[in-house]
1. Highest first, please rank the peptides 62-72, 40-50 by the mean number of other Cβ atoms sitting within 10 Å of their residues.
2. Please give the FRET efficiency for Leu4 paired with Leu81, using the beta carbon to beta carbon distance and R0 = 41 Å, rounded to the nearest 0.05.
3. Within 12 Å, Cβ to Cβ, of Ala43, how many net charges do the neighbouring residues add up to if Lys/Arg are +1 and Asp/Glu are -1?
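Rule-based calculations on the coordinates, nothing more; no lab input. The structure presented is a predicted model; accordingly, all values stated were derived computationally and were not measured. Every residue, glycine among them, receives a Cβ derived from its backbone with ideal geometry; neighbour counts consider all protein chains shown.
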Amino acid sequence: PHRLEPVGYVKGASFDKDSNKVVAKTTNTLELKKKRAMEIGMAPFKSLLQTGFMMWMSGNSINIFSIMITAMIVMNTAKSL
């Protein structure tokens, strides 16, 4: 049975900064953190086109559909902030 190792653990490697494995692992982790941070930061803008299309499709009359879409847009904006 293969066991999963904890994040950042390198089996059999020395933990001095000159070890290529430890430095490569740290660089990879930093790149993943930067990528994840960018995904979180750009998430509100990804839904902007869909939100605009839904507002356009709801029309200018007042009915339950347009009220629900407007409420959803306000709630999603507040959550993303």
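1. Details: 62-72: 11.6, 40-50: 10.1.
Answer by packing, highest mean first, reads 62-72, 40-50.
2. Working: r = 36 Å, r/R0 = 0.89.
Approximately 0.65, to the nearest 0.05.
3. Details: positive: Arg36, Lys46, Lys79; negative: Glu39.
Charge balance in the 12 Å sphere: +2.
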